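Structure, as structure tokens:
The values are calculated or read from the model by the stated rules, or taken from the named source; none is laboratory data. Since the model is a prediction, treat every value here as computed from it, not as a measurement. Positions of Cβ are backbone-derived with ideal geometry, glycine not excepted, and every protein chain shown enters the neighbour counts.
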Amino acid sequence: MSDKTKEELLEENTRLRKVLSTRFPERSGDIFICGSSNDRSSDGLPESVMICPTYGADYFVVYRRVR
């Protein structure tokens, strides 16, 4: 048996469910990043990202960095 408390196990369960949800958007229906721009800021982050609202959608939304 594990030495973890009930609260620790519940927190771990919640975290793992979120990981699985983002790893398999076709099953969960969660949004996910489906692309990014090649332009990078000085800290290495993309200037824009493309968000797909659900797996199989025929469109995406572009979010741009605001300076």
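So, in the stretch 25-44, of the ones that are surrounded by 13 or more Cβ atoms within 10 Å (Cβ to Cβ) and of a type outside the set (S, T, N, Q), which residue ends up modelled with the lowest pLDDT? Talk me through it step by step, then tell me what you get.
Quick first cut of the stretch 25-44, residues surrounded by 13 or more Cβ atoms within 10 Å (Cβ to Cβ) only: 25, 28, 30-34, 36-37.
Narrowing the set further to residues that are of a type outside the set (S, T, N, Q) leaves 25, 30-34.
Details: P25: 72, D30: 77, I31: 79, F32: 83, I33: 84, C34: 86.
Top of the filtered list is P25.
Just to be sure I understand the filter: pairs with C-beta atoms under 6 Å, separated by 6 or more residues or on different chains, first member in the stretch 26-38 and under 16 Å from Y63 (Cβ atoms), second member part of a strand (DSSP E or B) and small (G, A, S). Which pairs pass?
S37/S48
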